[in-house]
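Chemist: One structure coming up, written as structure tokens, with questions to follow.
The values are calculated or read from the model by the stated rules, or taken from the named source; none is laboratory data. Bear in mind that the values here come from a model prediction, so they are computed numbers and not experimental data. Every residue, glycine as well, gets a Cβ built from its backbone with ideal geometry; the counts of neighbours run over all protein chains shown. Protein only, heavy atoms only, side chains kept; ligands, DNA and RNA dropped before computing areas. Shrake-Rupley method; radii C 1.70, N 1.55, O 1.52, S 1.80 Å.
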Amino acid sequence: MRVLLLMPPMTQLNAPYPATAFLTGFLRSRGVECFQADLAIELVCRLFSREGLCRDAACRVSTTKYLDTIDPVVRFLQGKDPTLALRIVSRTFLPEGPRFAVLDEMDDPLTWAFGALGSQDQAKFLATLYLTDLSDLVREHIDPRFELSRYAEKLAVSAPTFEALHAELQKPATHVDQLLAELTKEACEKHKPDLVGITAPFPGNVYGAFRMAQAVRQWMPSVKLAFGGGYPSTELRELKDPRVFNFFDYVTLDAGEAPLLGIIGKEKLNNTFTRENGAVVFHSPILPIPHSEIGVPTYDGLPLDQYMSVFEMLNPMHRIWSDGRWNKLMVAYGCYWSQCTFCDTKLDYIERFSKAPAKLLVDRMEAMIAETGQRGFHFVDEAAPPAMLKALAEEIIARGLVVTWWGNIRFEKSFTKSLCALMARSGCVAVSGGLEVAEDRLLKLIKKGVTVEQVARVTKHFTDAGIMVHAYLMYGYPTQTEKETVNSLEMVRQLFEAGCIQSGFWHRFALTAHSPIAADPDAFGIKLLPEPPASFARNEIPFEDPVHCDHDRLGEGLRVSLYNFMHGVGLEKDVRAWFTHKAPKPTVPHNFIANALREAH
Ligand code: SF4
């Protein structure tokens, strides 16, 4: 059986999303003929070309200003024409649309960020603004669902029924849909699969995945179709609507290895929904494949020279998400902590912890370097365990391997000064981790297993070792008061001021179906509200919080302040100044973080 694994639009522009690479490597290691294609990057390249923009009359008219520059700019962002940087930084080559207004928000930000010689980076930043302007035009005139990193996300977010998505799929295809159908057809004609697997990690991939399935059904009706990945695994666990199976024959849950073996007949069908006699049927899971047996991810078949390094924000830590073509690997599957009360701790991708020895991991790194020629690695773990990172760093150093790597961790005490220095020596340049609500009462409720003081010390160890730190932040946790949010912002301000963290992102708390809070809402002082009956997706659950804090009112101030902190601006200001209403005075001592660091000395 020939298997073709496809990535739907949209994801990141700079590197392939790892799902198809992992599964292709695994299936080939089991002797299956497996191929892959990333239609997300292929769609961007086809649309953002003179030919792609001109093919549709309305598109050509609305993007006329861009037609002469789009091909060279894409080549530049793909790293194929570095000399164009000098023309781009002249500011006379590219049309400048509304996105360039960001340059007026600060005092001469380009000189501040890039100085006199950083023309490559400056040009990448300007070309990214240009591309974002162009994608805004496509959204405005051609397809209102189009964004550079997600496609028609709204249709799949909190969608208890299939109705809206189904209705949208019956509408005539837009120019973007047509290009996607054409790419799907080309991939199928090239690989002649018996089974096409489409993965949807996020809600912003779901509409594209269904459009692709529609195209396969139309052009190759005998081909079987499977749908899997992060979105079905979190949201479609209670799937009941049989119409989904007009598009797909199988919907799989959790890690794809075992369910795919079931579909191709090497195992019994498992962890998979099918339709039988018009009703949706679930085939229960079997033992999953351990992390040590998943094989080496392969990028074979992916267009590695087409990915574009974009530079969305003038912040050195933030940029590494979108700049550079990182090979993706996992130190371990799942989360060794699995306790945070807002997290999907009941789901396989968190709950099941499965690791591989450091020697095997470094073997996988060497195999990927040999295949791609790239020595940068992004470890896409939920949270990589410190002991394993230590073993990994030692193995990299022992083999004399020159690599650059970063990944997600918890801010554990065990990240001592010496461990951070060892990691830096082995090539670690950045870590990201959850600080969530920087307030000790709530950190305890979250069962984060850290205090703000501890986070301050650990993050300082990293930055002192030359490793940049990104913090995931949260607001709106059950029973969180406005004062606690202001205190949390004050802690974040102090962490930036003390040089402990370099970047961050505020997430609004959402109560999800597979979290400990949803299982025991009383323990967190909230009441679950009735949900609409779900026959399609179920994930976010409505709830009532007796504290009645207006978190929406605080969100914008949190976002703007953090944006400024990441640019080194406004750190001296009273944090209340970031809110448009009269916010409460923070009660955190002004030198809390500085004292915590001093005591640690
Ligand atoms: S939030 Fe992170 S550390 Fe906490 S349980 Fe989830 S994956 Fe693990």
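Chemist: Taking the Cα centre of region 294-385 as origin and charging only Cβ (+1 Lys, Arg; -1 Asp, Glu), how large is the dipole, in debye to the nearest 20? Walk me through the numbers on the way to the answer.
Modeler: Numbers: 9 positive and 12 negative charges, 43 e Å.
My answer is approximately 200 debye.
Chemist: How high is the FRET efficiency from residue 240 to residue 116, r the C-beta distance, R0 56 Å, rounded to 0.05?
Modeler: 0.35
Chemist: Right, something else. Out of every Cα pair in region 354-509, what percent are spaced more than 23 Å from each other?
Modeler: Working: 4753 of 12090 pairs.
So the pairs more than 23 Å apart make up 39 percent of the total in region 354-509.
Chemist: Right, something else. Roughly how many Å is it from the Cα centre of region 556-584 to that of region 328-371, as a whole number?
Modeler: Their Cα centres are 36 Å away from one another.
Chemist: So for the pair residue 577, residue 380, with labels modelled 7 Å out along Cα→Cβ, what separation do we get in nm?
Modeler: In this crude label model, residue 577 to residue 380 measures out at 4.1 nm.
Chemist: Here is a follow-up. Suppose the chain between residue 567 and residue 282 were pulled fully straight at 0.36 nm per residue; how much longer would it get relative to their current alpha carbon spacing? Spell out each step's value before the answer.
Modeler: Details: separation 285, 0.36 × 285 = 102.60 nm, distance 4.99 nm.
Between residue 567 and residue 282, full extension yields an extra 97.6 nm.
Chemist: Given labels modelled 7 Å from the Cα in the Cβ direction, how far is it in nm from residue 363 to residue 472?
Modeler: My value for the distance between the label points is 3.1 nm.
Chemist: Taking every pair of alpha-carbon atoms in region 44-89, what share in percent sits in each 10 Å bin, from 0 to the bin with the longest distance?
Modeler: It works out to 28, 49, 21, 2, in whole percents.
Chemist: Just the projected area, averaged over all directions, of the convex hull on the alpha carbon atoms of region 217-278: how many nm²? Can you show the working numbers first?
Modeler: Working: hull surface 18.2 nm².
The number I arrive at for region 217-278 is 4.6 nm².
Chemist: Identify, among 387, 316, 306, the residue whose Cα sits farthest towards the positive end of the charge dipole of region 301-388, taking +1 on the Cβ of Lys and Arg and -1 on the Cβ of Asp and Glu, with the dipole about the Cα centre.
Modeler: Value computed over the given set: 387.
Chemist: Over the alpha-carbon set of the chain, divide Rg by the Kirkwood Rh and report the Rg/Rh ratio to two decimals. List each step's numbers first, then the result.
Modeler: Numbers: Rg = 24.2 Å, Rh = 25.5 Å.
Computed over Cα atoms, the ratio is 0.95.
Chemist: Charges at C-beta only: +1 for Lys and Arg, -1 for Asp and Glu. How large is the resulting dipole of the chain about its Cα centre, in Debye rounded to 20?
Modeler: Working: 64 positive and 72 negative charges, 163 e Å.
So the dipole magnitude of the chain works out to roughly 780 debye.
Chemist: List the relative contact order of the chain as a percent without decimals, with contacts defined as Cα pairs under 8 Å and 6+ residues apart. Before the final figure, lay out the partial values.
Modeler: On the way: 1126 pairs, mean separation 80.7, N = 601.
Dividing the mean separation by the residue count of the chain yields 13 percent.
Chemist: List the trypsin sites (Lys or Arg not before Pro) within region 250-303 that fall in a DSSP loop (any state other than H, G, I, E or B) and whose Cβ has at most 10 other Cβ atoms within 10 Å. Mind dumping the intermediate values first?
Modeler: Values: sites: 266, 268, 275; in loops: 266, 268.
Qualifying residues, ordered by number: none.
Chemist: Here's something else I'd like to know. Within straight cross-link reach of residue 447, meaning Cα distance under 22 Å, which lysines are found once same-chain residues fewer than 8 apart are removed?
Modeler: Residue 447 reaches 346, 413, 483, 527.
Chemist: Determine, at each q value in 0.11, 0.15, 0.16 (inverse angstroms), the log₁₀ of I(q)/I(0) that the Debye formula gives when each Cα of region 281-367 is one equal point scatterer.
Modeler: Relative scattering, expressed as log10 I(q)/I(0), comes to -0.51, -0.88, -0.96.
Chemist: Further, regarding this structure: Calculate, axis by axis, the spread of Cα positions in region 1-136 along the three principal axes, and write the results as whole Å, longest axis first.
Modeler: 58, 38, 27
Chemist: Between residue 519 and residue 507, what is 0.36 nm times their sequence separation minus the Cα-Cα distance? Round to one decimal in nm. Please report the intermediate quantities before stating the final value.
Modeler: On the way: separation 12, 0.36 × 12 = 4.32 nm, distance 2.15 nm.
My answer for the length gained is 2.2 nm.
Chemist: Give me the Debye-computed log₁₀ of I(q)/I(0) at q = 0.10, 0.17, 0.21, 0.22 Å⁻¹ for region 301-441, equal point scatterers on Cα only, no solvent, two decimals.
Modeler: The calculated log intensity ratios at q = 0.10, 0.17, 0.21, 0.22 Å⁻¹ are -0.37, -1.05, -1.41, -1.46.
Chemist: Can you tell me the accessible area per residue over the chain, all protein chains present, probe 1.4 angstrom, in square angstrom? Present the calculation step by step, with values, prior to reporting the outcome.
Modeler: Values: 24010 Å² over 601 residues.
It amounts to 40 Å² per residue over the chain.
Chemist: If you take the square roots of the eigenvalues of the alpha-carbon gyration tensor of region 60-143 and sort them as a ≥ b ≥ c, do you get rounded (a/c under 1.5), prolate (a/b over b/c) or oblate? Please list the in-between numbers first.
Modeler: Numbers: a/c = 2.40, a/b = 1.37, b/c = 1.75.
Taking the square roots of the gyration eigenvalues as a ≥ b ≥ c, region 60-143 is oblate.
Chemist: Let me check against my output: what whole-number percent is the relative contact order of region 246-335, with C-alpha pairs under 8 Å and at least 6 apart? Walk me through the numbers before you get to the answer.
Modeler: Values: 81 pairs, mean separation 15.8, N = 90.
It comes to 18 percent, rounded to a whole number.
Chemist: How would you order 486-497, 402-413, 31-42 from highest to lowest mean count of nearby Cβ atoms within 10 Å?
Modeler: Numbers: 486-497: 24.3, 402-413: 20.2, 31-42: 21.9.
Highest to lowest by the protection proxy: 486-497, 31-42, 402-413.
Chemist: I would also like to ask the following. Report residue 572's accessible area, 1.4 Å probe, all protein chains in place, as a number in Å² to the nearest 10.
Modeler: Using a 1.4 Å probe on the heavy atoms, I get roughly 140 Å².
Chemist: Report, to the nearest whole %, how much of the accessible area of the chain belongs to carbon and sulfur atoms, 1.4 Å probe, protein only. Intermediate results must be reported in sequence, preceding the final value.
Modeler: Working: 12870 of 24010 Å².
On the chain, the fraction of accessible area on carbon and sulfur atoms equals 54 percent.
Chemist: Under the definition of Cα pairs under 8 Å and six or more residues apart, what whole-number percent is the relative contact order of region 1-133? Spell out each step's value before the answer.
Modeler: Numbers: 122 pairs, mean separation 25.0, N = 133.
Worked out over region 1-133, it gives 19 percent.
Chemist: Gain in length, residue 163 to residue 587, computed as 0.36 nm per residue apart minus the alpha-carbon separation, to one decimal in nm?
Modeler: On the way: separation 424, 0.36 × 424 = 152.64 nm, distance 4.86 nm.
Contour length minus Cα-Cα distance gives 147.8 nm.
Chemist: I need the shape label for region 318-388. Rule: rounded when a/c is under 1.5, else prolate if a/b > b/c, else oblate, with a, b, c from the alpha carbon gyration tensor.
Modeler: Working: a/c = 2.82, a/b = 1.57, b/c = 1.80.
Oblate, since a/c reaches 1.5 and b/c is not below a/b.
Chemist: Can you list the cysteines of the chain that have no other Cys Cβ under 4.7 Å away?
Modeler: 34, 45, 54, 59, 188, 335, 420, 428, 500, 549
Chemist: Same structure, new question: Put +1 on the Cβ of every Lys and Arg and -1 on every Asp and Glu Cβ in the chain; which of 590, 505, 428 then has its Cα farthest towards the positive end of the dipole?
Modeler: Going by the Cα projections, it comes out as 428.
Chemist: Something else now. Between 534, 546, 581, whose Cα lies farthest towards the positive end of the dipole of region 518-601 when Lys and Arg beta carbons carry +1 and Asp and Glu beta carbons carry -1, centred on the Cα centre?
Modeler: Projecting each Cα onto the dipole axis, the largest value belongs to 581.
Chemist: Using only the heavy atoms of the protein chains and a 1.4 Å probe, how would 292, 233 rank by accessible area, largest first? Before the final figure, lay out each step's value.
Modeler: Working: 292 50, 233 10 Å².
From most exposed to least exposed: 292, 233.
Chemist: While we're looking at this one, here's another question. Classify region 425-492 from the C-alpha gyration tensor, please: rounded if a/c falls under 1.5, else prolate or oblate depending on whether a/b exceeds b/c. Please report the intermediate quantities before stating the final value.
Modeler: On the way: a/c = 2.55, a/b = 2.39, b/c = 1.07.
In terms of gyration-tensor shape, prolate.
Chemist: Counting other Cβ atoms within 10 Å, which trypsin sites (Lys or Arg not before Pro) in region 550-589 have at most 11 and lie in a DSSP loop? Mind showing how you got there, number by number?
Modeler: Working: sites: 553, 559, 573, 576, 582; in loops: 573, 582.
For trypsin sites (Lys or Arg not before Pro) across region 550-589 that sit outside H, G, I, E and B with at most 11 neighbouring Cβ atoms in 10 Å, the list reads 582.
Chemist: Based on a Kirkwood Rh over C-alpha pairs, give the Stokes-Einstein translational diffusion coefficient of region 231-330 at 10 °C and viscosity 1.306 mPa s in µm²/s. Kindly include the intermediate steps, with their values, before the conclusion.
Modeler: Values: Rh = 16.7 Å.
It diffuses with D of about 95 µm²/s by this estimate.
Chemist: Students sometimes get this wrong: rank 254, 552, 133 by accessible area, probe 1.4 Å, all chains present, largest first.
Modeler: Values: 254 30, 552 110, 133 5 Å².
Greatest to least solvent exposure: 552, 254, 133.
Chemist: Between residue 170 and residue 33, what FRET efficiency follows from the Cβ-Cβ distance if R0 is 51 Å, with the result rounded to 0.05?
Modeler: On the way: r = 34 Å, r/R0 = 0.68.
E between residue 170 and residue 33, to the nearest 0.05, is 0.90.
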